Amino acid sequence: MAAIVVMVSACSREPQGSMKELQRAKAGDLDVVLLGPSDALERGKGFAILEFHDSRGNLVNVGDVKVNATMPMAGMSRMVGGSEVEATPAHRS
């Protein structure tokens with residue numbers, strides 16, 4: 001299990017079609033890749049995949065992953081949204 005599915009809202013479903021790389025960041029020796037169904041994450045209910053790659057580009061099982069969904073609000077406290085994380089078999093369509 002190397003890909004992590006992130007659903008922001010319990011009612012979200014995996015979209016059909018290919019996923020696009022939205023962002024890539026380093027975490028120690030790993031590349032963390034955020035994939036989404038379109039060019040950006042959408043507001044509200046959404047779906048994304050986090051992948052963790054070693055230096056050779058291979059998918060890596062990192063174990064349990066926690067995700068926080070927050071949005072800064074001008075003049076107010078941050079808005080916090082629910083998120084659900086589910087490990088999936090490694091794949092890319």
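Laid out as a table, the results:
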{"item": "SER55, sole failed condition from (1) within 21 Å of PRO89 (Cα to Cα); (2) among the polar types (S, T, N, Q); (3) modelled with pLDDT under 90", "result": "(3)"}
{"item": "The stretch 73-93 residues that are polar (S, T, N, Q) and surrounded by 10 or more Cβ atoms within 10 Å (Cβ to Cβ), paired with ones that are at pLDDT 75 or above and not in a strand (DSSP E or B) (beta carbon under 6 Å, 6 or more apart)", "result": "SER83/VAL67"}
{"item": "Where a residue in the stretch 38-63 is on the phi < 0 side of the Ramachandran plot and small (Gly, Ala, Ser) and its partner, wherever it lies, is outside any loop (DSSP other than H, G, I, E, B) and at pLDDT 85 or above, with Cβ under 8 Å and at least six apart", "result": "SER38/LYS20; ALA40/LEU22; GLY46/GLY36; ALA48/LEU22; ALA48/LEU34; ALA48/LEU35; ALA48/GLY36"}
{"item": "Restricting the stretch 29-64 to residues that are under 21 Å from ALA87 (Cβ atoms) and of a type in the set (Gly, Ala, Ser), the residue that is surrounded by the most Cβ atoms within 10 Å (Cβ to Cβ)", "result": "ALA48"}
{"item": "Verdict on VAL67 being assigned to a loop (DSSP other than H, G, I, E, B), at pLDDT below 85, of a type in the set (Val, Ile, Thr) and surrounded by 10 or more Cβ atoms within 10 Å (Cβ to Cβ)", "result": "yes"}
{"item": "For VAL80: the one exception among (1) in contact with a Phe, Trp or Tyr (Cβ under 6 Å, 6 or more places away or on another chain); (2) modelled with pLDDT under 85", "result": "(1)"}
{"item": "Condition met for GLY17 (at pLDDT 80 or above, loosely packed, with under 10 Cβ neighbours inside 10 Å and at positive phi)", "result": "no"}
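The values are calculated or read from the model by the stated rules, or taken from the named source; none is laboratory data. Predicted model, so just to flag it, every value in this text is computed and none were measured. Don't worry about glycine lacking a Cβ; one is built from the backbone with ideal geometry, like all the others, and counts go over all protein chains shown.
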